[in-house]
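The values are calculated or read from the model by the stated rules, or taken from the named source; none is laboratory data. These figures come from a predicted structure and were not determined experimentally. Neighbour counts run over all protein chains shown; Cβ positions are idealised from the backbone, glycine included. Keep in mind that these areas ignore ligands, DNA and RNA; they rest on the heavy atoms of the full protein, side chains included. Shrake-Rupley method; radii C 1.70, N 1.55, O 1.52, S 1.80 Å.
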Amino acid sequence: MTTWLAALRELQDRSVPAVLVTVAEIQGSTPREAGARMVYTADQQYDTIGGGHLEWRAAQIARAMLEGDAAQLPAQRRLERIALGPSLGQCCGGVVFLSFERVDAIGVWKELENHWRSGTDVWRALPLDSAEPVQLYETDGEACDLSGPDNGLHATLFRDVRKTYVTRDAYGRRWLLDLCRAHQPQVVLFGAGHVGAAIVKVLANLPCRVLWVDEREDMFPEQLSPQITVEATDVPNAAVDMAEPGAYYLVMTHSHALDQQLTERILKRDAAHGDVGWFGLIGSYTKRKQFEHRLADRGFTQEQLNRMTCPIGIPGIYGKEPSSIAIAVVAQLMQLWELRLIQPQHQPARNKFPPALATHLLDGRG
């Protein structure tokens, strides 16, 4: 599925008018959280805010805006309250407040994309009672464009709340303060073969950033999602040191010898700095035992070797097709990321996937 930001960039390149719909606030049980977004054009939609009749109603409003006079405020900005009760045919029972924003100009999307690529959270400040342009604010409340006007938005409005919401400025005007979280965390994937490509295809639709590394430049697709960065290099080992603290490593190159070199480099970094979030190596139990024996001869302790997850993937998915392996591995990463959310902030997720689950996997992937 094309994400809302990628869709806006593509639509604006083709000068196609669109409406960005944002879940501004929620009350009670709702399909999606505040900050969920989707994009409508006259005949297409991208991403989702929960499906069902909620999106059907959102589509009605958005397309009416596209048919209206773009010079009038109702055709540019709207905030709608939608109850998810029997009248809408949904049984959630909650209330969703949707922000509708007509997008015709380039605006802040490229800058926003740059923030996401760098892993930096940023706020979009959208005035709801005027057609003034959107502004970006850092998480400490400082405007990214320091030359911009004073909008009456105090820094505490950004620092004290960590979710998208509607508020008023010092002059009583309504604003949507939309927290755009960066793609986190970073996944460093070594190998652009069939399995690596299948994994990247799935990760491209998830909130993470990928550093994709291979020696063979011609193996990478020409068009990739904005959160995917390609590193075509003759020295893939060096990419281990390029990774951010807390990164998640996946090793699946075309060469077992290179896999071993990368394994050694990753475990050395973890031993020296303790900042490897997780390390997964594609392969069978036989491959794992071979690597453990060789690395033990090089001085690695069993505790250090236990930081390597091999085989990889959640239990119960035994197919060896690239797409099957991709689903199993990405599901494993998502479980690790869920654990990461309940750990103290700024600490790498040092969870090793539970061995009891790994024993269910087939002995033969890689």
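Couple of notes before you dig in:
- Among the candidates A243, A238, the residue that is of a type in the set (A, V, I, L, M, F, W, C), open to solvent by 30 Å² or more (accessible area, probe 1.4 Å) and at pLDDT below 95 is uniquely A238.
- Selection from the range 229-248 of residues that are out of contact with any Leu (no Cβ under 8 Å at 6 or more places or on another chain) and not in a loop (DSSP other than H, G, I, E, B): A232, A238, D241
- Annotation: of all residues in the range 296-319 being touching a residue at least 24 places away in the same chain (Cβ under 8 Å) and farther than 18 Å from M252 by Cβ, the one that is most open to solvent (accessible area, probe 1.4 Å) is R298.
- Qualifying residue in the range 211-221 (condition: modelled with pLDDT under 90 and open to solvent by 70 Å² or more (accessible area, probe 1.4 Å)): no
- Filter result (surrounded by fewer than 17 Cβ atoms within 10 Å (Cβ to Cβ) and either outside any helix (DSSP H, G or I) or not polar (S, T, N, Q) (or both)) within the range 286-295: K289, H293, R294
- Candidate set from the range 78-89 (those that are touching a helix residue (DSSP H, G or I) at 6+ places or on another chain (Cβ under 9 Å) and either within 10 Å of P31 (Cα to Cα) or at pLDDT 70 or above (or both)); member that is surrounded by the most Cβ atoms within 10 Å (Cβ to Cβ): L84
- Just one of the numbered conditions (1) modelled with pLDDT under 90; (2) in contact with a helix residue (DSSP H, G or I) (Cβ under 9 Å, 6 or more places away or on another chain); (3) hydrophobic (A, V, I, L, M, F, W, C); (4) farther than 19 Å from W337 by Cβ is not true of V161: (2).
- Selection of strands (runs of 3 or more DSSP E) fully inside the range 96-183 by the criterion of at least 2 residues being open to solvent by less than 10 Å² (accessible area, probe 1.4 Å) returns 122-127, 174-180.
- Cβ separations smaller than 9 Å between residues 6+ apart or across chains give the following pairs from the range 59-74 residues that are at pLDDT 90 or above to residues that are open to solvent by 60 Å² or more (accessible area, probe 1.4 Å) and in a helix (DSSP H, G or I): M65/P74.
- Residue within the range 246-262 that is in contact with a Lys or Arg (Cβ under 7 Å, 6 or more places away or on another chain) and aliphatic (A, V, I, L, M) present: no
- Subset of the range 323-355 that is of a type in the set (S, T, N, Q) and modelled with pLDDT under 50 - its residue that is least open to solvent (accessible area, probe 1.4 Å): N351
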